[in-house]
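Undergrad: Next up is a structure, given as structure tokens.
Readers should treat all values here as calculations from the given coordinates under stated rules, not as data from a laboratory. Just so we're clear, the structure is a prediction, and the values are computed from it rather than from any experiment. Cβ placement follows ideal geometry from the backbone for every residue including glycine, while neighbour counts extend to all protein chains displayed.
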Amino acid sequence: MNILILGGGGREHALAWAVLQNPKCDKLIVAPGNAGIAKIAECADLDILDGGVVGQFCEENAIDFIIVGPEAPLAAGVADDLRNAGFLVFGPSKDAARLEASKGFTKEICDAAGAPTAGYARFTEAGPAKDYIRAQGAPIVVKADGLAAGKGVIVAMDDATALAAIDDMFGGEFGAAGAEVVIEEFMEGEEASFFVLCDGENALPIGTAQDHKRAYDGDEGPNTGGMGAYSPAPVLSDAIQTQVMDQIVYPTLREMAKRGTPYEGVLYVGLMIKDGAARLVEYNCRFGDPECQVLMLRLGAQAFDLMHAAAEKRLDKARVNWADDHAMTVVLAADGYPGSYEKGTEIKGLDALPATSFEVCFHAGTTADKGRVLANGGRVLNVTARGATLQEARDRAYAMAGAVDWPEGFYRRDIGWRILG
Ligand code: AMP
Ligand code: GLY
């Protein structure tokens, strides 16, 4: 099959790596890709937010199957455009992607589905929102309704922070995403992510992970897109996974189907676990980045078969071949990230890194320049490894991190601390 992956981050490098292991893949193109992806697949410079452009490219290149990586093209309706043009696509429709693109919509679905989540209220004006905050009191969570590149959530430990967040959101700090605000009860507990493939009706769990959102060691510093992850997440026991499927995932899928907007693709279920039970924090309509990197390393070639089965609506017959292993990824980021950082610094030592079924250095924000690899974003590399134990995976990942010669980058030294200390 000829396969096209949309996106150009570490997530898409990991997806490309897994797809290429599968003998069913005859040709792989990634748009736009990055310097690491360019070493294993053809890259195409396409406007991936324009379904017409992508559709035409698929036509010209006899593409059989398209995997959409990031949320932006999904929220823009690119999967719909491609399906309407007759292509087989992995990724939800624009209407189904509202589970990520509108936090208020997700709450509405949770109510209708009876799915456990934080109590909440929705507002379109600052006055009533502030009254609600004063009445409820901190800690409290203020969320811009729309997509805000992961920055639209303020976990306020005091009233003043929550009230200031209201001013920022209605003041236009997050553009249209902040025109509506969801205010939520603060949930205590341990966070973990659960990844489920969906075909509109059936659902298949494909792994658990835990991310590290803060920039620096000890969970200090500003929030980021994620500085490292590992899989599995032991806090998501089999019993909790069953509870999540029964109380959250299946009721959500039934409600989406009932509304005529069935959910197809990967559902990223963000959970808060306390006292042996999970509540929903958020849905994302795509793989997590960097969680995808650890999932792909663990799943390998079968990841393609599973995504293909989801797209062809035959997940009821699909099975995951689990290995009893652990994976970890450590993110190398540009100094200054998630604030301002320099682009164009040279990264050396990459060719000497191991590239096996146990160890891969996935590229995120990189670009190639006359045989050199240059940093081209905030999160730049994801050194990813697996092993029989999480400690083994960690040792391998950090050995790679230490071998990268990039003075202008940094990484956390404590990924996996919850389990390994
Ligand atoms: P979200 O984009 O909705 O996942 O929110 C980003 C992060 O904010 C989450 O990963 C949690 O760490 C935190 N968060 C969101 N909602 C809540 C909540 N109701 N209670 C506690 N923490 C939350
Ligand atoms: N790593 C968090 C996310 O992809 O949303």
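Undergrad: Evaluated at 25 °C with a viscosity of 0.890 mPa s, what Stokes-Einstein diffusion coefficient in µm²/s does the chain have when Rh comes from the Kirkwood expression over alpha-carbon pairs?
TA: Here the translational diffusion coefficient equals 113 µm²/s.
Undergrad: Here is a follow-up. Taking only Cα atoms and a 10 Å spring cutoff, compute GNM fluctuations for the chain and point out the largest among L297, L46, L280.
TA: Top of the fluctuation ranking is L46.
Undergrad: Through the Karplus equation 6.51 cos²θ - 1.76 cosθ + 1.60, θ set to phi - 60°, convert the phi angles of segment 130-135 into ³J(HN,Hα) values in whole Hz; use x for Gly and Pro.
TA: Calculated HN-Hα couplings, in order: 5, 4, 5, 4, 5, 5 Hz.
Undergrad: Treating only the Cβ atoms of Lys and Arg (+1) and Asp and Glu (-1) as charged, compute the dipole magnitude of segment 1-103 about its Cα centre; round to the nearest 20 debye.
TA: For segment 1-103, the charge dipole is close to 380 debye.
Undergrad: Suppose every K and R has +1 on its Cβ and every D and E has -1 on its Cβ; what is the size of the dipole of segment 156-204 about the Cα centre, in Debye to the nearest 20?
TA: 180 debye
Undergrad: Hey, another quick one. Please label the shape of segment 180-327 as rounded, prolate or oblate, based on the square roots a ≥ b ≥ c of the eigenvalues of the alpha-carbon gyration tensor (a/c under 1.5 means rounded; beyond that, a/b larger than b/c means prolate, else oblate).
TA: oblate
Undergrad: Quick check: from the Cα gyration tensor, does segment 338-421 come out rounded (a/c under 1.5), prolate or oblate?
TA: oblate
Undergrad: A further question on this structure: If I take every Cα pair under 8 Å that is 6 or more residues apart in segment 134-179, average their sequence separation and divide by the length, what percent do I get for the relative contact order?
TA: Value for segment 134-179: 39 percent.
Undergrad: What is segment 224-304 by shape, rounded, prolate or oblate, if you read a ≥ b ≥ c off the alpha carbon gyration tensor as root eigenvalues and call it rounded for a/c under 1.5, prolate for a/b larger than b/c, and oblate otherwise?
TA: Since a/c reaches 1.5 but b/c is at least a/b, the shape of segment 224-304 is classed as oblate.
Undergrad: Still on this structure, please answer the following. Please turn the phi angles of segment 198-204 into ³J(HN,Hα) values with the Karplus equation 6.51 cos²θ - 1.76 cosθ + 1.60 (θ = phi - 60°), one per residue in order, whole Hz, x for glycine and proline.
TA: Once rounded to whole Hz, the list reads 10, 10, x, 10, 9, 9, 9.
Undergrad: Are there trypsin sites (Lys or Arg not before Pro) in segment 360-421 that DSSP puts in a loop and that have at most 10 other Cβ atoms within 10 Å, and which ones?
TA: K370
Undergrad: Among T242, M256, V281, which residue has its Cα furthest toward the positive end of the charge dipole of segment 236-298, with +1 on Lys/Arg Cβ and -1 on Asp/Glu Cβ?
TA: It is M256.
Undergrad: Right, something else. Please get the size of the charge dipole for the chain, origin at its Cα centre, with Cβ charges of +1 on Lys and Arg and -1 on Asp and Glu, quoted in debye to the nearest 20.
TA: 580 debye
Undergrad: Using a 10 Å cut-off around each Cβ, can you sort F105, F123, F90 from fewest to most neighbouring Cβ atoms?
TA: F105, F123, F90
Undergrad: What net charge do the residues around K343 carry, taking every other residue with its C-beta under 13 Å from that of K343, with Lys and Arg at +1 and Asp and Glu at -1?
TA: With Lys, Arg at +1 and Asp, Glu at -1, the neighbours total -4.
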